[in-house]
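Colleague: One structure coming up, written as structure tokens, with questions to follow.
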Amino acid sequence: MKKIVILGSTGSIGVNALDIVRRLGRSWQVLGLSAQNNTDRLIEQALEFKPSLLCVSQPESAKKLLGSLKPLNGSLRVLTGPEGLEELAAHPQADLVLSAVVGSVGLKPLVTAVKKGKTIALANKEALIVAGDLIMKLAKRHRATLLPVDSEHSAIFQCIGSEPKKHIRRIIITASGGPFYKRQASLESVTAEEALAHPTWKMGKKITVDSATLMNKGLEVIEAHHLFGVPYDQIDIVIHPQSIVHSLVEFTDGAVLAQLSHPDMRLPIQYALTYPERLACPIKTLDLKEVGKLEFYPPDFNRFPCLALALAAGRKGGTMPTVLSAANEVAVGLFLNGRISFTDIPAIGEEVMRRHRKPSANPGLDEILAADAWARGQAQTLEKVTA
Ligand code: MG
């Protein structure tokens, strides 16, 4: 019996994970689920999977849940807020914690799970971006295992297999390029609807906009740096519009291994859930004769300034990635609400980074949270400057 807790069960990753649990059936037990706003979906999930713990962000939602889940009330507890999420992440019976929340709200629950020495399937990349050094240090100390859910990092993880780190010469992360890679016209007038139409992947809104700005790819370089302990000089990005090759690893002898499949998040999610087991997954079988061609191009740093910003933040380290990630979260929200233009997203990220004159080199959790809050405030005030 594998016992799982899912933080963020109503988003794209969470829903897919529960599909996998439903399909893999009886050997799985869902202990806890959480949602930020989508209480209706959380109620449906709770009725089906019968967890004993739920967590929602607002106390009013907790009342609604308890009212709608009368049949489970005897065995059900409903937690609220960030403390509730931490309690869920620390569930003493959990064999696996899937963190699929969006944004740096996932940081404290991740730290809690790591300190409990849990095995964590990590989809919440922002937590690792804002506090990568701290999390990896704690993971080592508490013998926690982080399993990547992000498709590129799952690919890298699969390619590395049992090779020792000294055999890795280079990591090559692929990027679809997003919906605007071939667009000739200026990106200034891009609408939220256009940015949300990703050519190859179906994902949540925040990551889809990040994929359109290529911020996502820059953040993924930082994520790979922490997860695999590889210096920035040894991580490359290549644009690959077909999204068939999910990333590659070059070894000391020049051999390059890649992981290929149709772009479908069910595969990396399932691999993180069942690792080290490989089980059947209902994704389309890859037929290279049908795919025909696989193309690769260098990334365009001029048209997609978010890429260079993220790499600069990663190299600077300390609280700089924290600040960029937080400012970007705010900027993406403002863009989705029609308050700023698409090209204001990197402008806000750049300006908040510029204002962060003294990034702390080795920040603890409190310092990271303070930098995160500061950057959010700065990004909010910049809305008025750009408008
Ligand atoms: Mg990815």
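The rows are residues; the columns are (1) more than 12 Å from the ligand (Cβ to nearest atom); (2) over 23 Å from Glu290 (Cβ atoms); (3) open to solvent by 10 Å² or more (accessible area, probe 1.4 Å).
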{"position": "Trp201", "(1), (2), (3)": "no, no, yes"}
{"position": "Asp210", "(1), (2), (3)": "no, yes, no"}
{"position": "Met215", "(1), (2), (3)": "no, yes, no"}
{"position": "Glu220", "(1), (2), (3)": "no, yes, no"}
{"position": "Pro241", "(1), (2), (3)": "yes, no, yes"}
{"position": "Thr252", "(1), (2), (3)": "yes, yes, yes"}
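Colleague: While we're on this one: Mind checking which residues of the range 228-239 are open to solvent by 30 Å² or more (accessible area, probe 1.4 Å) and within 20 Å of Ser154 (Cβ to Cβ)?
Modeller: Across the range 228-239, the qualifying residues are Gly229, Gln234, Asp236.
Colleague: Assuming Gln45 fulfils every condition listed in (1) more than 24 Å from the chain's Cα centre (by Cα); (2) assigned to a helix (DSSP H, G or I) apart from one, which condition is it?
Modeller: The failed condition is (1).
Colleague: Here's something else I'd like to know. Please go through the range 84-110 and give me each residue that is acidic (Asp, Glu) and either without any contact (Cβ under 8 Å) to a residue 60 or more places away in the chain or surrounded by 24 or more Cβ atoms within 10 Å (Cβ to Cβ) (or both), ordered by number. Break it down stepwise before answering.
Modeller: If we filter the range 84-110 for residues that are acidic (Asp, Glu), which is where we start, we get 86-87, 95.
Selection gives Glu86, Glu87.
Colleague: Collect the residues in the range 354-364 that are open to solvent by 40 Å² or more (accessible area, probe 1.4 Å) and not charged (D, E, K, R), keeping them in residue-number order. Talk me through it step by step, then tell me what you get.
Modeller: Going residue by residue through the range 354-364, those that are open to solvent by 40 Å² or more (accessible area, probe 1.4 Å) are 354-355, 357-358, 361-362.
Of everything in the range 354-364, those that are open to solvent by 40 Å² or more (accessible area, probe 1.4 Å) and not charged (D, E, K, R) turn out to be Ala361, Asn362.
Colleague: Go through (1) open to solvent by 10 Å² or more (accessible area, probe 1.4 Å); (2) within 12 Å of the ligand (Cβ to nearest atom) and name the single condition Ala144 misses.
Modeller: Condition not satisfied by Ala144: (2).
Colleague: Examine the range 176-193 for a residue that is touching a residue at least 40 places away in the same chain (Cβ under 8 Å), touching a strand residue (DSSP E or B) at 6+ places or on another chain (Cβ under 7 Å), more than 23 Å from Ala326 (Cα to Cα) and surrounded by fewer than 23 Cβ atoms within 10 Å (Cβ to Cβ), and state whether such a residue exists.
Modeller: Checked the range 176-193: at least one residue is touching a residue at least 40 places away in the same chain (Cβ under 8 Å), touching a strand residue (DSSP E or B) at 6+ places or on another chain (Cβ under 7 Å), more than 23 Å from Ala326 (Cα to Cα) and surrounded by fewer than 23 Cβ atoms within 10 Å (Cβ to Cβ).
Colleague: To continue, here is another question. Is it true that Asp287 is of a type outside the set (Lys, Arg), more than 16 Å from the ligand (Cβ to nearest atom) and open to solvent by less than 60 Å² (accessible area, probe 1.4 Å)? Please lay out each step first, then the result.
Modeller: Numbers: of a type outside the set (Lys, Arg): yes; more than 16 Å from the ligand (Cβ to nearest atom): yes; open to solvent by less than 60 Å² (accessible area, probe 1.4 Å): yes.
Against the criterion (of a type outside the set (Lys, Arg), more than 16 Å from the ligand (Cβ to nearest atom) and open to solvent by less than 60 Å² (accessible area, probe 1.4 Å)), Asp287 qualifies.
Colleague: Could you give every pair whose Cβ atoms fall below 7 Å, whose first residue belongs to the range 235-251 and is over 21 Å from Leu311 (Cβ atoms) and outside the structural domain of Val291 (by TED's automatic domain parsing), and whose second residue is buried (at least 22 other Cβ atoms within 10 Å of the Cβ) and among the charged types (D, E, K, R), counting only separations of at least 6 or pairs across chains?
Modeller: No pair meets every condition.
Colleague: How about the range 188-199: which of its residues are more than 16 Å from Thr174 (Cβ to Cβ) and either within 12 Å of the ligand (Cβ to nearest atom) or of a type in the set (D, E, K, R) (or both)? Lay out the reasoning, then the answer.
Modeller: Of the range 188-199, the ones more than 16 Å from Thr174 (Cβ to Cβ) are 188-197.
Result: Glu188, Glu193, Glu194.
Colleague: Which of the residues that make up the range 265-276 are in contact with a Phe, Trp or Tyr (Cβ under 9 Å, 6 or more places away or on another chain) and surrounded by fewer than 18 Cβ atoms within 10 Å (Cβ to Cβ)?
Modeller: Passing the criteria: only Tyr275.
Colleague: Looking only at the range 338-362, which residues are closer than 26 Å to Lys137 by Cβ and among the charged types (D, E, K, R)?
Modeller: Once the filter is applied, which keeps residues that are closer than 26 Å to Lys137 by Cβ and among the charged types (D, E, K, R), the range 338-362 yields Arg357, Lys358.
Colleague: Anything in the range 312-327 that is over 17 Å from the mean Cα position of the chain (by Cα) and either over 15 Å from Leu365 (Cβ atoms) or open to solvent by 20 Å² or more (accessible area, probe 1.4 Å) (or both)? List them, or say none.
Modeller: Ala312, Ala313, Arg315, Lys316, Gly317, Met320
Colleague: Further, regarding this structure: Which residue pairs have Cβ atoms closer than 7 Å, lie 6 or more positions apart in sequence or on different chains, and pair a first residue in the range 112-132 that is open to solvent by 10 Å² or more (accessible area, probe 1.4 Å) and within 16 Å of the ligand (Cβ to nearest atom) with a second residue that is hydroxyl-bearing (Ser, Thr, Tyr) and not in a strand (DSSP E or B)?
Modeller: Filtered contacts from the range 112-132: Glu126/Ser104; Glu126/Ser325.
Colleague: Does Ile368 count as part of a helix (DSSP H, G or I), touching a Phe, Trp or Tyr at 6+ places or on another chain (Cβ under 6 Å) and open to solvent by less than 30 Å² (accessible area, probe 1.4 Å)? Outline the logic, then answer.
Modeller: Values: part of a helix (DSSP H, G or I): yes; touching a Phe, Trp or Tyr at 6+ places or on another chain (Cβ under 6 Å): no; open to solvent by less than 30 Å² (accessible area, probe 1.4 Å): yes.
So Ile368 does not fit the description; no.
Table: residues versus (1) farther than 15 Å from Ile160 by Cα; (2) away from the ligand (no atom under 15 Å from the Cβ).
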position: Ile207; (1), (2): yes, no
position: His246; (1), (2): no, no
position: Gln270; (1), (2): yes, yes
position: Glu277; (1), (2): yes, yes
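Colleague: Now for a different question. Does Ser34 meet the test of being open to solvent by less than 10 Å² (accessible area, probe 1.4 Å) and assigned to a loop (DSSP other than H, G, I, E, B)?
Modeller: Details: open to solvent by less than 10 Å² (accessible area, probe 1.4 Å): yes; assigned to a loop (DSSP other than H, G, I, E, B): no.
Spelling it out, it is not the case that Ser34 is open to solvent by less than 10 Å² (accessible area, probe 1.4 Å) and assigned to a loop (DSSP other than H, G, I, E, B).
Colleague: Can you name the number of the only condition in (1) of a type outside the set (S, T, N, Q); (2) assigned to a helix (DSSP H, G or I); (3) open to solvent by 10 Å² or more (accessible area, probe 1.4 Å); (4) more than 16 Å from Cys306 (Cα to Cα) that Glu351 fails?
Modeller: Status for Glu351: all satisfied but (4).
The values are calculated or read from the model by the stated rules, or taken from the named source; none is laboratory data. Just so we're clear, the structure is a prediction, and the values are computed from it rather than from any experiment. Every residue, glycine as well, gets a Cβ built from its backbone with ideal geometry; the counts of neighbours run over all protein chains shown. Heads up: the accessible areas ignore ligands, DNA and RNA and are worked out on the full protein's heavy atoms, side chains in. Shrake-Rupley method; radii C 1.70, N 1.55, O 1.52, S 1.80 Å.
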